[in-house]
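Only one structure is covered here, and it is reproduced in the block below.
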Amino acid sequence: MASVTLKDLTKEFKEVIAVNKVNLDIKDKEFLVLVGPSGCGKTTALRMIAGLEEATGGEILIGDRVVNDVSPKDRDIAMVFQNYALYPHMSVYDNMSFGLRLKRTPTSGVWPFNSKRTFTKTEIDQRVKDAAQLLGLEKLLQRKPKQLSGGQRQRVALGRAIVREPKVFLMDEPLSNLDAKLRVQTRAELKKLHRRLGITTVYVTHDQVEAMTMGDRIVVMNHGDVQQVDTPLTLYNKPANMFVAGFIGSPAMNFLPVMIATEGDKIVADGGAFKVELPPEQAGRAQAYIGKECIFGIRPEDIYDKNLEGLVKPAPGNTVKVGVDVMEPLGDDVEMHLTVGTETLIAKLDSKTQAKVGDTMEVLFDMSRSHLFDKETELALY
């Protein structure tokens with residue numbers, strides 16, 4: 001096992017900067033997730049760590065060794081691809097053992113006798129069977145990939161990586177081809193596997209739910225830049241900017257333009273069609289923005305129906321009158337698309353709500369969990 005360090009890592013494709021001076025310290029045995037929309041640079045960064053893309057600038061260290069000029073096969077990493085990349089004509093056993101059979105150690109002889117197999121047949125057989133037992137593949141070792149389900153193929157791809165006993169696992173959206181139920185199941189299996197093996201893992205996904213549930217830390221990327229690196233709950237509760245706030249969380253955070261103003265000794269966020277009072281602990285950070293436009297953020301799960309007893313008590317500074325546009329029942333919850341003035345927002349309300357499409361209702365904002373952003377820089381004020 002080993003740490004992975006990226007120093008000012010950059011990748012340019014002609015005029016396009018795919019990865020822009022990324023600095024990361026990935027700890028030994030950590031499960032780090034790179035997340036972001038398509039084209040943000042996350043897969044390119046992973047491929048540079050693997051050695052499949054050449055870095056335009058910066059350094060990549062695995063452990064204490066700079067590996068920029070080291071070939072992929074000598075970096076002691078194992079990669080799991082989005083499309084599994086299994087050999088269709090080989091059995092599960094042969095797919096899992098292929099890398100071990102190819103690996104050779106230099107000797108003092110003359111070519112073509114200047115190397116020998118690194119692993120004996122017995123060692124290969126033992127590694128494959130151990131990995132198969134770990135992944136529940138013992139009865140499938142003689143099958144071909146076409147005879148396997150999507151989940152089973154994914155486990156074979158994982159097994160092929162595990163038998164190498166690498167210092168680092170690299171995973172490029174390995175669950176994206178699975179159906180929703182199998183994705184949830186495999187997600188849990190991957191976490192348990194990581195806990196058991198303790199191998200440093202860098203995992204790429206565009207699915208923020210996957211990132212939140214799997215990562216020890218998450219790197220949020222956009223347009224080649226790292227937006228924020230932190231634990232899942234810190235990203236959720238204290239996003240650094242509007243991009244992170246809108247990307248992390250499902251449904252996404254609501255953003256409403258407001259003017260910061262004073263009413264007596266209170267500071268309020270005035271959206272025209274609504275007005276809410278900033279809590280004392282947050283009002284101080286908005287002091288410098290009085291008279292200026294900002295962006296007010298509130299998550300759907302921090303909005304409550306005023307007519308239902310909840311965590312938030314009604315008060316003049318947290319009550320907003322809205323119109324109901326769309327209702328999406330989800331069982332315990334209802335996702336409601338609401339309008340306030342010309343703005344729209346989504347609320348995740350208790351399914352006991354009596355509101356109907358076309359109604360006007362009052363909702364409560366949990367102001368202690370609200371957010372405020374600078375309109376120009378989009379950075380979080382609190």
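Readers should treat all values here as calculations from the given coordinates under stated rules, not as data from a laboratory. Since the model is a prediction, treat every value here as computed from it, not as a measurement. We place every Cβ from the backbone using ideal geometry, glycine too, and count neighbours over all the protein chains shown.
The table that follows gives values for the structure above.
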| quantity | calculated |
| --- | --- |
| Across Lys14/Lys292; Lys192/Lys348; Lys7/Lys292; Lys27/Lys139; Lys11/Lys146; Lys238/Lys348, pairs whose alpha-carbon gap is larger than 29 Å | Lys14/Lys292; Lys192/Lys348; Lys7/Lys292; Lys27/Lys139; Lys11/Lys146 |
| Considering only segment 4-247, percent of DSSP beta bridges that pair antiparallel, nearest 5 | 55 |
| Partners for Lys375 among aspartates and glutamates (Cα-Cα distance below 13 Å; same-chain residues under 8 apart left out) | Glu293 |
| Footprinting exposure proxy for Cys294, Cys40 (fewest neighbouring C-beta atoms within 10 Å first) | Cys294, Cys40 |
| Centroid-to-centroid separation of segment 297-317 and segment 239-283 [C-alpha atoms, Å] | 14 |
| Distance (nanometres) between label positions extended 7 Å along Cα→Cβ at Leu52 and Thr342 | 4.7 |
| Low-density loop positions, chymotrypsin sites (Phe, Trp or Tyr not before Pro), segment 67-124 - DSSP coil, at most 11 other Cβ in 10 Å | Phe113 |
| Net charge over other residues, Cβ less than 9 angstrom from the Cβ of Phe119 (K, R count +1; D, E count -1) | +4 |
